[in-house]
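Accompanying notes for the structure given below.
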């Protein structure tokens, strides 16, 4: 939205109301996106905060696209980079030990339904999960996802379709849908 | 009339079908009540997959220093000031040099016998800087 660019310009000049409006429009879905990638509320907060700081400080050379799209790109890259780092830090070939503790997502997802949906999405393999997350929470078109992830458009569509199928299967097994 | 499968309806909702397949399903749903109902149900299910709203507080607008003018402006201003002060100071420190001006006139053959004529022939000292 062009209005978002105006809000951003005003926020850069210190307008709290403009910033609050921008956050009302984008913060929830941005947090959901990062949370579903990282699975950690603390890192989600850090990444979203970093994303907002970058949005305020980065030079804006043109206003092609949307502020929402820019936020998605910044946040996604931060979260993915973090996920990659975490995987490199984990060593060992054995299966993951069962985690007896409640999921950290439970701290921030209050309804049982949301927790199951998050579990279904987190249950996907990375290739399918990111496409679904970018589509549903990043509000990106399939063409934009293809460009961001560096994969063909047909692959994006196929992954999206199968990601939703797998989520529905998971939720049906858990009795969340018929 | 044959109904559409869940997979076909799902593909339609997600917008992953090619144009002709999407058009065909769209036309079918207009005329088939069962498929239209099933489509709505699937839309609600898929809508649930994008319903997550975590309780994470939005960051406030960070306190940032006001955008200062670029550094080169300050340097340029400093150089101008130094230049001005140097020129002004130099003019105060050095004593003015007298400039002698000798007016040139076409003089009538007779020597000046009036005061004005006498004065016109005297060299005049002009001291720089004296108002």
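The values are calculated or read from the model by the stated rules, or taken from the named source; none is laboratory data. What you are looking at is a predicted structure, and each value in this text was computed from that prediction instead of being measured. Using ideal geometry, Cβ is built from the backbone for each residue, glycine included, and neighbour counts are taken over all protein chains shown.
Summary of computed values
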quantity	calculated
Segment A:37-61 - residue that is more than 7 Å from chain B (Cβ to nearest Cβ) and more than 21 Å from residue A:8 (Cβ to Cβ) and, of those, surrounded by the fewest Cβ atoms within 10 Å (Cβ to Cβ)	A:42
Yes/no for residue A:165 being within 11 Å of another protein chain (Cβ to nearest Cβ), out of contact with any strand residue (DSSP E or B) (no Cβ under 9 Å at 6 or more places or on another chain) and at pLDDT 95 or above	yes
Test: residue in segment A:85-101 that is at pLDDT 60 or above and part of a helix (DSSP H, G or I)	no
Selection status of residue A:106, part of a helix (DSSP H, G or I), at pLDDT below 90 and within 11 Å of residue A:37 (Cα to Cα)	no
Single residue of segment A:1-29 satisfying the filter (assigned to a helix (DSSP H, G or I) and touching a residue at least 60 places away in the same chain (Cβ under 8 Å)) that is farthest from residue A:53 (Cα to Cα)	A:2
Subset of segment B:7-21 that is facing another protein chain (nearest Cβ under 9 Å) and within 17 Å of residue B:33 (Cα to Cα) - its residue that is surrounded by the most Cβ atoms within 10 Å (Cβ to Cβ)	B:10
One residue from A:135, A:115, A:140, A:159 being outside any helix (DSSP H, G or I), surrounded by 15 or more Cβ atoms within 10 Å (Cβ to Cβ) and at pLDDT 90 or above	A:140
Selection within segment B:38-57 - at pLDDT 85 or above and assigned to a loop (DSSP other than H, G, I, E, B)	B:49, B:50, B:51, B:52, B:53, B:54
Residue check, residue B:96 outside any helix (DSSP H, G or I), at pLDDT below 80 and under 30 Å from residue A:36 (Cβ atoms)	no
Test result for residue A:129, crowded, with 17+ Cβ neighbours inside 10 Å, in contact (Cβ under 8 Å) with a residue 60 or more places away in the chain and within 12 Å of another protein chain (Cβ to nearest Cβ)	yes
